[in-house]
Structures are given as structure tokens and as C-alpha cells.
């Protein structure tokens with residue numbers, strides 16, 4: 001049997017299978033049940049969160065033999081044709097490679113013809129922000145007054161590039177990045193069904209590296225399975241993904257507490273030699289400092305830090321070595337560093353200099369305390385004169 005990647009094999013086929021977009025699912029299901037189906041939808045959000053998948057499910061829901069229905073049967077001919085990409089009434093168009101005004105006009109011409117067998121003609125345009133300005137202008141009139149039984153579904157990762165004239169003619173839905181917990185749960189289901197033995201800590205590392213994208217996380221899982229086989233261990237996950245172990249992060253923070261710049265840079269050099277990703281290191285260190293802040297300020301940090309990759313006792317001990325203001329400054333330094341690293345070819349040097357900056361962070365003094373101290377010094381000086 002031909003291998004199929006997890007992102008395709010486990011792609012949701014019904015609204016009930018979508019993860020993390022409950023507000024959008026509820027709105028679309030209610031619209032179908034109330035017979036208030038719009039002629040144009042625009043789905044925006046980061047990659048791999050379900051935009052195109054939602055468009056396909058909505059296309060099935062409004063064309064299902066039992067429908068329009070809020071939950072497509074996924075068994076009738078219409079649902080199967082849409083699922084397999086064979087429906088002549090549901091067209092998926094790549095906005096990046098079909099972005100000229102000529103292609104937009106050709107699309108408008110085909111819209112005038114009624115659906116051949118389905119209830120609705122559906123046009124799904126992925127990465128719609130890639131269309132040219134002329135192509136957008138050509139679509140305006142059709143979006144304003146579309147033929148009956150025609151539905152447009154646009155998907156984009158860059159909402160800011162969509163003209164206001166297009167946005168005003170669509171119902172807009174913003175897809176949220178998925179939480180680590182949601183991704184971990186789904187990856188756990190996949191591993192269970194596929195007979196893969198894996199720990200929660202390994203899934204947590206994969207989910208964090210996926211950064212809110214289910215598709216990215218599933219691709220990383222496939223990569224780890226290809227390396228480890230049917231039994232995934234934490235060390236292998238760290239090696240494949242290039243992430244730094246928790247013990248190494250704790251060692252870095254111990255050096256920060258001691259303000260030992262030499263040990264800090266030596267540890268960073270060792271991490272680089274081991275082939276770890278500095279972008280991941282910067283992100284993970286920022287998260288570690290955030291956890292230290294929570295431990296320092298919260299009476300019950302365990303309720304806020306319930307992941308396996310957290311050593312609460314170590315965090316409590318280390319948090320005593322920092323002022324809250326120091327942690328805030330360090331976090332800000334790492335956030336700026338991550339952005340600079342992405343834009344520069346000198347990412348290693350940028351990170352190394354940021355590490356030196358962290359070792360030099362000191363808590364800010366309150367202005368009121370400084371004024372009182374200055375006044376006190378002035379009074380002492382005057383007393384000594386007289």
C-alpha cells in the first residue's frame with residue numbers, strides 16, 4: 001500500500017473532526033442550518049491550522065446528498081468526489097500560480113454556467129493574497145453580485161495583503177494557532193492508531209517545534225518516525241529536531257545566575273558543535289525564563305505549568321536567583337534577538353552577543369527610591385559642611 005503522510009491521512013473530513021477552531025465551526029454550522037450560506041468566505045491564519053480543510057468540509061456540507069447539512073455524511077457521491085478532488089463543480093485554485101487578470105477573467109466566464117450535478121458551484125482559492133491587483137479588481141463585480149448557487153472560499157496566510165474592497169464583500173474568519181495541548185492530543189491519537197510507542201515528553205517537543213501548526217507538527221512526527229521506527233525516545237527527538245535538552249537549558253540559567261559569561265559562551269559553543277538549532281535555543285530559553293517568572297510570581301505555578309518538560313523544583317530554586325525585573329528584561333532581549341536572527345546571516349554572532357547582554361542585565365531602580373537616595377546624600381553633605 002502506498003505511503004501517505006500523516007497530514008493527508010489524518011486530514012479532518014467533518015466539522016466535528018476539526019481541532020481548535022470551535023468558534024468558526026459553530027458559525028458555519030449555524031449558517032447552514034439557518035439557510036444563510038454566504039456567497040463569499042475568507043479564511044485567514046498561519047499555515048497548517050485548517051483553512052483549506054475547512055473550505056473543503058464546507059463545500060461537502062452544502063453539496064452533500066443529505067444537505068445542505070451541518071455535518072456532511074462523507075459517504076455520498078458528492079462528498080466522495082470533493083474528498084478525492086474529482087468534483088467538476090468544486091474547483092481548487094492556487095492563487096500563487098494563477099494570479100493574472102487573464103486567469104481571473106477566465107474564472108469569471110465559467111462562473112456564469114450552472115452547476116452540472118452538485119447543488120452549489122464552489123471556488124476555493126488558496127493563497128489568495130498572491131493575486132495581482134488587476135486580478136482582484138476583475139473579481140470585484142462578481143463578488144458583489146455573484147450568480148445563484150455560487151460560493152467563493154478564499155484562504156490566505158497574509159490577511160494584510162488583501163484589498164479592503166475584497167474584505168468588505170466576504171465573511172472573514174480568522175483561524176487561531178493551535179495550542180500545544182491540542183497538538184499533543186492529536187499526535188497521541190495518531191501514534192496510538194499507527195502502533196507507535198512514544199512518551200508525552202517527546203510529543204510535547206514535537207508540538208512546540210510545530211509552533212501552532214498541526215500540519216507542521218504532523219510532518220515532524222513523520223520525520224521522527226522515519227528516524228526512530230515504531231518506538232520513539234526523547235533523545236532521538238531532540239537529535240532529529242535540533243532542540244536543546246531541558247538539562248542544558250537549566251545549566252545555561254545557572255550560569256546566568258552566577259553572571260558567568262565565560263561558562264555561558266562555552267555552553268553555547270558546545271550546543272552549536274552538537275548541531276542544535278540556535279533559533280530553537282533562543283525560543284526555548286525565552287520560554288524557560290517565562291516559566292521562571294510564573295514560578296516566582298504565582299502561588300500555585302503547577303496549575304500554569306502542567307507540561308512534562310518542566311522541572312518545577314529546579315525552577316523554584318533558580319527563580320530565587322533573579323529579580324522579576326531581570327527576567328522581564330532578559331525575555332525582551334531574547335524576543336528581539338529571535339527577530340534579528342531571522343533577518344540576518346550572522347545569526348550565531350547575534351545570539352552570542354545576546355547571551356553576553358543577558359549576563360549583564362540588572363534590575364531597574366525605582367525613580368522614587370533614587371530621588372530619596374539623592375536627597376538623603378545631599379542632606380548628609382550639608383550636615384557635614386555645617
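Some observations on this one:
- Label-point separation in nm, residue 179 to residue 77, each point 7 Å along Cα→Cβ: 4.5 nm
- Acute angle (nearest 10 degrees) that the helix 278-297 long axis makes with the longest principal axis of the chain, alpha-carbon atoms: 70 degrees
- Degrees between helix 133-144 axis and first principal axis of the chain (Cα, 0 to 90, nearest 10): 60 degrees
- Mean Cβ neighbour count within 10 Å, used as a protection proxy, ranking 271-282, 294-305, 140-151, 50-61 highest first: 50-61, 271-282, 140-151, 294-305
- The C-alpha atoms of the chain define a longest principal axis, and helix 51-63 lies at about 30 degrees to it.
- Cα gyration tensor, segment 199-326 - rounded (a/c under 1.5), prolate or oblate: oblate
- Using a Förster distance of 56 Å, the FRET efficiency for residue 158-residue 372 (Cβ separation, nearest 0.05): 0.60
- Likely footprinting exposure, 214, 153, 293, 353, fewest C-beta neighbours within 10 Å first: 353, 293, 153, 214
- Three-way shape label, segment 191-236, alpha-carbon gyration tensor, a/c 1.5: prolate
- The value of relative contact order for the chain, using C-alpha pairs under 8 Å at least six residues apart, is 14 percent.
- When shorter helices are ignored and each DSSP H run of at least 4 residues is given -39500 (n - 2.57), the per-residue value for the chain at 222 nm works out to -17500 deg cm²/dmol.
- Förster-model FRET efficiency, 22 Å R0, residue 145 and residue 36, C-beta, rounded to 0.05: 0.75
- Structure-derived percent of Cα pairs over 27 Å apart: which label, when the choices are (i) 55; (ii) 49; (iii) 62: (iii)
- In this rough spin-label picture, where each label sits 7 Å from Cα along the Cβ direction, the residue 287-residue 23 distance is 2.4 nm.
A short reminder: the numbers here are calculations on the coordinates, not readings from a lab. Note that the coordinates shown come from a computational prediction; the quantities given were computed from them, not determined experimentally. Cβ: placed from backbone, ideal geometry, glycine included. Neighbour counts: every protein chain shown.
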